[in-house]
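The structure under discussion appears below in the form of structure tokens.
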Amino acid sequence: MGRVIAVANQKGGVGKTTTAINLAASFAAAEVNTLLVDCDPQSNATSGLGFAKDPDRVSSYYMLMGAASAEEALQTTELEQLWLIPSHKNLIGANLELVDAERREFRMRDALAPLRDRFQFIVLDCPPALDLLTLNALVAADAVLIPMQGEYFALEGISELLDTIDRIRGTLNPELAIEGVVLTMFDDRTNLAQQVMSELKKYFGEKLCKTTVPRNIRLAEAPSHGKAALVYDPRSKGAESYIRLAKEIIERQGADFGRQPSDVAATAVTQEHRGDEAVEGIPAADEMDKSA
């Protein structure tokens, strides 16, 4: 069975979509069959992989509404072992249309169930809100990866997300785990960033990812070209950081997924020359000291 990882944080602008795209691409570069599911009506993960907006294309909206299967929604990408289920702005309607629907919280889980044997990793890019779309993703997921900035407000927002995760564990998905917390747009030269990292280390322990993602212009440029960072510029610090994050997550699983994780960076650099075609124990949320 593939591992389903929801990339979630209700705070906007923390790098969720950037993390979802580049983590999924890094899994694929390790020769691991990977599916990226765009669960956000803004459809930035879809455009970030080079897909134009198309209301007629089968998307995650049709999948959630039961009008199409997940298999019918699959799209291939320029990375050989990365597939995408795209989104469209009409997905925002699902929040209203599913209110009275049967098994409304389980639509994503039920839709993805037939694909779990086909993909070793399924990455869900969640919207920046704790709405019915995010709820569907968290119910479908085995674990949550939380991107966050090294700032005070990020510490405030994460408490709400952890409270939501606890409630989902208690009712809808008892097996939901914390995959990790990854610091994004990280500047280790500032005292504040170091203080926030220290506080998160005390609070999350080993769940705080060793990998941090720095601010990086190539990482920011890649979506405008419809490419993952490791395709756009595999030698950039941003691409390298997500390759390390993928290695860290694969190693945590203790399983032999595709090639050894140490080969991922070599794959990414090789792809640059081949051209574009190559390509739980967590304490209660209110115990965290947010004074850093």
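The values are calculated or read from the model by the stated rules, or taken from the named source; none is laboratory data. Computed from a predicted model, the values in this text were never measured in an experiment. Quick reminder, even Gly has a Cβ in these numbers, built from the backbone with ideal geometry, and neighbours come from all protein chains shown. The area values use the complete protein model at the heavy-atom level, side chains included, leaving out ligands, DNA and RNA. Shrake-Rupley method; radii C 1.70, N 1.55, O 1.52, S 1.80 Å.
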Determine whether PRO55 is at pLDDT below 95 and touching a helix residue (DSSP H, G or I) at 6+ places or on another chain (Cβ under 8 Å). yes
Cβ-Cβ under 6 Å, sequence separation 6+ or interchain: first residue in the stretch 102-125 and farther than 16 Å from SER59 by Cβ, partner open to solvent by 10 Å² or more (accessible area, probe 1.4 Å) and part of a strand (DSSP E or B). Which pairs? PHE121/ARG3
Just the residues that are within 19 Å of the chain's Cα centre (by Cα) and either hydroxyl-bearing (Ser, Thr, Tyr) or not in a strand (DSSP E or B) (or both), please, taken from the stretch 64-77. LEU64, ALA70, ALA73, LEU74, THR76, THR77
Cβ pairs under 6 Å, 6+ apart or interchain, first in the stretch 203-222 and under 22 Å from ARG189 (Cα atoms) and of a type in the set (A, V, I, L, M), second at pLDDT 95 or above and assigned to a helix (DSSP H, G or I), ordered by first then second residue, are VAL213/SER241; LEU219/ALA229; LEU219/GLY238
Looking only at residues in the stretch 161-218 that are β-branched (Val, Ile, Thr) and part of a helix (DSSP H, G or I), which one is nearest to SER236 (Cα to Cα)? ILE217
Filtering the stretch 204-225 for residues that are open to solvent by 20 Å² or more (accessible area, probe 1.4 Å), closer than 25 Å to LEU162 by Cα and in contact with a helix residue (DSSP H, G or I) (Cβ under 8 Å, 6 or more places away or on another chain) leaves a count of 3
Look through ALA67, ALA129, ALA141 and report the one residue that is over 27 Å from SER198 (Cα atoms), of a type in the set (A, V, I, L, M, F, W, C) and out of contact with any Leu (no Cβ under 7 Å at 6 or more places or on another chain). ALA67
Going through the stretch 118-162 in order, the residues found to be at pLDDT 90 or above and either farther than 22 Å from ARG3 by Cβ or touching a His at 6+ places or on another chain (Cβ under 9 Å) (or both) are PRO128, ASP131, LEU132
So for the stretch 226-247 (the condition being buried (at least 19 other Cβ atoms within 10 Å of the Cβ) and at pLDDT below 85), does at least one residue qualify? no
Just a yes or no: is a residue in the stretch 47-62 farther than 26 Å from ILE249 by Cα, open to solvent by less than 10 Å² (accessible area, probe 1.4 Å), out of contact with any Phe, Trp or Tyr (no Cβ under 9 Å at 6 or more places or on another chain) and assigned to a loop (DSSP other than H, G, I, E, B)? yes
Near pairs, Cβ below 7 angstrom, 6+ apart or cross-chain, from the stretch 236-249 (at negative phi) to any residue that is among the acidic types (Asp, Glu): ALA239/ASP233; ILE249/GLU179
Within the stretch 81-116, can you find the residues that are open to solvent by 30 Å² or more (accessible area, probe 1.4 Å), in a loop (DSSP other than H, G, I, E, B) and modelled with pLDDT of 95 or more? GLN81, ARG116
